[in-house]
Amino acid sequence: AGIMLLEVFLVLGTVLIYFLVSKKKEETLPFKEGWWGKGQKPDTEEDATVWPFKVETTEEELSDLFRRLDQARFTEPLEDSCFHYGTNSVYLRKVVSYWKNQFNWKKQVEILNKYPQFKTKIQGIDIHFVHVKPPRLPEGRSAKPLLMVHGWPGSFYEFYKIIPLLTDPASHGLSDEHVFEVICPSIPGYGFSEAPHKKDFNSVSAASIFYELMLRLGFNEFYAQGGDWGWLICTNLAQIAPNHMKGLHLNLASVTNMGFVHLLSILLGRYLPGLFGFQDEDVRRMFPFLKKGLYRILLESGYAHIQATKPDTVGCGLNDSPIGLAAYILEKFSTWTDLEFRDSEDGGLERKFNLDDLLTNIMIYWVSGCIVSSMRFYKENMQKGIGTQKHERLPVQVPTGIASFPNEVMHTPQAWARKKYTNIVSFHFMPRGGHFAALEEPELLAEDILQFVGKVEKEQLWRK
């Protein structure tokens, strides 16, 4: 009997060890060591130099732009169509007139260059980033490194209004208990980061490059924040390097692996919200699900289908026409800020943004010629199918804060997010704002980041 008992213990012990080891193995995502430069990877070690960068534009580039704007062909919009068919060309004419006659790109270049920018070569391509240190630090404090990652069709410029609130909060009426050193890279293929020259550069590739960037800058522990593609890149980074990331803050948290309970909650959540952990605000934002979920996705995701299948075809036209590029990007800044803006002939664009900011973002795409490579990121991330990647199955255990903005195209309730992000320490329904939160509502987003980091630091949550 004693031998039998011993055998049982051995078997149970082996099963337990196997379970713990295999679980441990599944907890992190492998770092993706890639080579994205042209041609063969050289045998020599990569030069880790970081050099200063400034945005510059030549007179030739500007005269070429104005020539194209002057030769624009417009199509008359349908009567009373507002923004329901996409960017309304009546309003587009106004934008183009402003672009030609009032917009001062040289002044905007000075604004872009007011924060220190750099480049460094990682995995064969030049990575561009903005790096802003606090102008002053309270006695005995050190700055907390914060990586902020943009999405499409945005750019590093989205963060220009929130950076001072994080690097110098006291001067902007915010608590200076936590002060940040902010690093905003351009995703490879976006803005002034070199585009990958090889296929298969996805969010895990970008996360691996940004992890290498943070280590190269000397940050062994850091926070990360993102929305849009920044959400996925920062999520992947939390999966690759959970011991290096102190906290993950998101203003979009999408869950791609839907289980049976998720589907059941779509059917019954409106009637039995408590059963599925839904709050009143979740019900208000999600239901009726056909209208606010399914139809909305079908109506607003045509661009994603094109970009996930044949990005270069459409991209060729956008890269050749500044007006096509503007129409394509402005439509997203309208609808993703507030779906009801589709009911306005001007797309509601100047209710939350000014034309200088909108055109600066468009100009970053134009002067860098990055629209095609930015669109390819959809194909690289989606071509194998949604829900098929390892990172989609892996939970995120890093302390997570989520700022849920009411006008985000799709709402993810905390009950769903918790299946993926197992350590949510802060989840807030924001009072207003949409997809481009850092540009649209910088104060709200900064306050949410500050309170989240306050919680993580106070309880030293990352150590747990």
_Rounding to the nearest 10 and keeping the result within 0 to 90°, find how far the Cα-based axis of helix 89-101 lies from the longest principal axis of the chain._
70
*Model label zone, Arg463; criterion: amide N under 20 Å from point 7 Å along Cα-to-beta-carbon; scope segment 236-251*: 242-248
_For the chain, accessible area per residue (1.4 Å probe, heavy atoms of protein chains only), Å²_ = 47
*What residue among Leu69, Asn407, Tyr271 has its Cα farthest toward the positive end of the dipole of the chain, where the charges are +1 on Lys, Arg and -1 on Asp, Glu, each on the Cβ?*
Tyr271
_Quick check: residue separation of Lys114 and Lys384 times 0.36 nm, minus the Cα distance between them. What number comes out in nm?_
93.1 nm
*Give me the aspartates and glutamates in straight-line cross-link reach of Lys384: C-alpha distance below 17 Å, same-chain residues under 8 apart excluded.*
Asp200, Glu392
*Cα-Cα P(r), the chain, percent of pairs per 10 Å interval*: 4, 19, 30, 26, 14, 4, 2, 1, 0, 0
*Debye, to nearest 20: dipole size of the chain, +1 on Lys, Arg Cβ, -1 on Asp, Glu Cβ*: 1100
*For the chain, give the share of DSSP beta bridges that are antiparallel, in percent and rounded to the nearest 5; count only bridges with both residues there.*
40
*Net charge contributed by nearby residues that have their C-beta within less than 15 Å of Asn113 (K/R +1, D/E -1)*: +3
*Shape call, segment 309-435: gyration tensor on alpha carbons, a/c limit 1.5*: oblate
*How big is the charge dipole of segment 102-146 about its Cα centre, in debye rounded to the nearest 20, if each Lys and Arg gets +1 on its Cβ and each Asp and Glu gets -1 on its Cβ?*
80
*Integer Hz, Karplus 6.51/-1.76/1.60 couplings in order for segment 63-69, x for Gly and Pro*: 5, 5, 4, 5, 4, 5, 5
*Summarise the accessible area of the chain (1.4 Å probe, protein heavy atoms) by the percent that is carbon and sulfur.*
55
*Residue-wise, which Karplus ³J(HN,Hα) couplings in Hz belong to segment 217-233, taking 6.51 cos²θ - 1.76 cosθ + 1.60, θ = phi - 60°, and x for glycine or proline?*
7, x, 9, 8, 10, 7, 9, 9, 9, x, x, 6, 4, x, 4, 6, 5
*Lys, Arg +1 and Asp, Glu -1 on Cβ, resulting dipole of segment 312-457 about Cα centre, debye, nearest 20*: 1040
*Between Ser81 and Glu139, what FRET efficiency follows from the Cβ-Cβ distance if R0 is 45 Å, with the result rounded to 0.05?*
0.15
_Under 15 Å between alpha carbons, and skipping anything fewer than 8 positions from Lys246 in its own chain: which aspartates and glutamates qualify?_
Glu181, Glu221, Glu457, Glu459
*Which listed pairs, of Lys198/Lys310; Lys38/Lys390; Lys32/Lys198; Lys32/Lys390, have C-alpha distances above 24 Å, in listed order*: Lys38/Lys390
*Lys32's amide H: which non-local residues (gap 5+, or another chain) put their own amide H closer than 5 Å, with H modeled 1.01 Å from N in plane and none for Pro or chain starts?*
Ser208
_Modelling each spin label as a point 7 Å along the Cα-to-Cβ direction, I'd like the His305/Arg351 distance in nm, to one decimal._
2.8
*With everything on Cα atoms, drop me the angle between helix 311-320 and the longest principal axis of the chain, reported from 0 to 90° to the nearest 10.*
30
*asked:* Suppose each label sits 7 Å from its Cα in the direction of the beta carbon; what would the Asp176-Lys94 distance come out to in nanometres?
replied: 4.2
*Once you have the Cα-Cα distance between Asn220 and Ser63, take 0.36 nm times their residue separation minus that, and quote the gain in nm to one decimal.*
52.0 nm
*So who's got an amide H within less than 5 Å of the one on Ile402, skipping anything under 5 residues away but keeping other chains? H placed 1.01 Å off N, in plane.*
Leu250, Ser426, Phe427, His428
*Given Ala308, Phe353, Ser334, which one lies farthest toward the positive end of the charge dipole of segment 306-356, if we put +1 on the Cβ of every Lys and Arg and -1 on the Cβ of every Asp and Glu?*
Ala308
*Is there a pair in Lys54/Lys100; Lys291/Lys379; Lys133/Lys352; Lys199/Lys455; Lys100/Lys144; Lys94/Lys292 whose C-alpha atoms are over 30 Å apart, and which pairs would that be?*
Lys199/Lys455; Lys100/Lys144; Lys94/Lys292
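The values are calculated or read from the model by the stated rules, or taken from the named source; none is laboratory data. What you are looking at is a predicted structure, and each value in this text was computed from that prediction instead of being measured. Glycine gets a Cβ as well: all are built from the backbone with ideal geometry, and neighbour counts include every protein chain shown. We work out accessible area using only protein heavy atoms, side chains counted, and drop any ligands, DNA or RNA first. Shrake-Rupley method; radii C 1.70, N 1.55, O 1.52, S 1.80 Å.
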